[in-house]
Amino acid sequence: VSTQSTGISGGCKKKTCITINLNCAPYLVFPERRDPRRKNWKTRGTLSASSRIKSPRKRLTRTCPVAMRLFLATSEEIMCKCDWRVMPHITDVEFDRVIAECGSQLIVVSVFSSRHPEATPCDAMMEEISYGNNYSRAQPCVQAVQDKYRLVKYDMATNTLLKDRHNVIPGMFLIYSRSRLVFADLVFNGYGNAKKDFMKQVFKCGKFSAEDKFLPDDFKFTGLRSWDEADETVRQILTFQFGTTSGWVAPKLTPLTRKEDVSLIGW
């Protein structure tokens, strides 16, 4: 067997080719291409089932409420296709699973009611913050896992989990971390609903989570009535005073109701 570095028969001028004379017959031997899927690149083959690794991007799609809802219903995993300009909505179906998948990240849940949008005056501010955090993100729920906090909305008109668990009302904000409740109130930082108060509250909740300071699992507000119950109370009062109330539309109630109005409707 003889090996030549140049002068390859057949007109081949590639320096990577080697001519091996076996019984005076020319043979061209090309180097094997490296298989990037295997550490031992000299031998090519398919990957075994045990060596396959699930894509981390696909695992992170479980932090998307829509993707998790579909996964629980059909066991099919899809990529996040949420609109970065709109704050994602979370429902009772996937609430606990999404909160658990987010780990130590702070999850800010804005509770509202589509029947009483006037009860949540901070919606515009929360939408603006979410818009800035997810600006131009192709997959906001996946790319937001590296952020310090995330914002989601919870509609009490179609969901009852948080009402039964914590007796919340529209306009409240809940902050979760490591599947535990860190904060629940109508105002941030004990002062108001401005953006600076929200950022201070997020900073405090991050410290509370690091120090393992959480609210009890059975934490529940007392003495609060839902907006629908308040409307029914007002209807009964008007019926008693003015007779029939057919076609009557419930007045617009706000969280900053006057003290005399609170005593009137029984709050």
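Stretch Q146-S179 to full length: gain in nm at 0.36 nm per residue minus the Cα-Cα span? Present the calculation step by step, with values, prior to reporting the outcome.
Numbers: separation 33, 0.36 × 33 = 11.88 nm, distance 1.71 nm.
Gain on extension, Q146 to S179, equals 10.2 nm.
Could you order peptides 83-89, 205-211 by the average number of other Cβ atoms within 10 Å of their residues, highest first?
83-89, 205-211
What net charge do the residues around R97 carry, taking every other residue with its C-beta under 12 Å from that of R97, with Lys and Arg at +1 and Asp and Glu at -1? Present the calculation step by step, with values, prior to reporting the outcome.
Working: positive: R62, R69; negative: D92, E94, D96, E101.
Cβ neighbours under 12 Å give a net charge of -2.
In square angstrom, rounded to the nearest 10, how much accessible surface does R69 have for a 1.4 Å probe?
80 Å²
Less than 19 Å from a label point 7 Å out along the Cα-to-Cβ axis of D217: which backbone N atoms in region 161-180 qualify, by residue?
Inside the label zone: 161-167, 175-180.
Sum up the charges of everything whose Cβ sits under 13 Å from the Cβ of L72, counting Lys and Arg as +1 and Asp and Glu as -1, but leave L72 out.
Here the charged neighbours net out to -3.
The values are calculated or read from the model by the stated rules, or taken from the named source; none is laboratory data. Quick caveat, the model's predicted, so the values are computed rather than measured. Positions of Cβ are generated from backbone atoms using ideal geometry, with glycine treated the same way; all protein chains shown enter the neighbour counts. The protein model used for the area step is the full one, side chains on, heavy atoms only, and it has no ligands, DNA or RNA in it. Shrake-Rupley method; radii C 1.70, N 1.55, O 1.52, S 1.80 Å.
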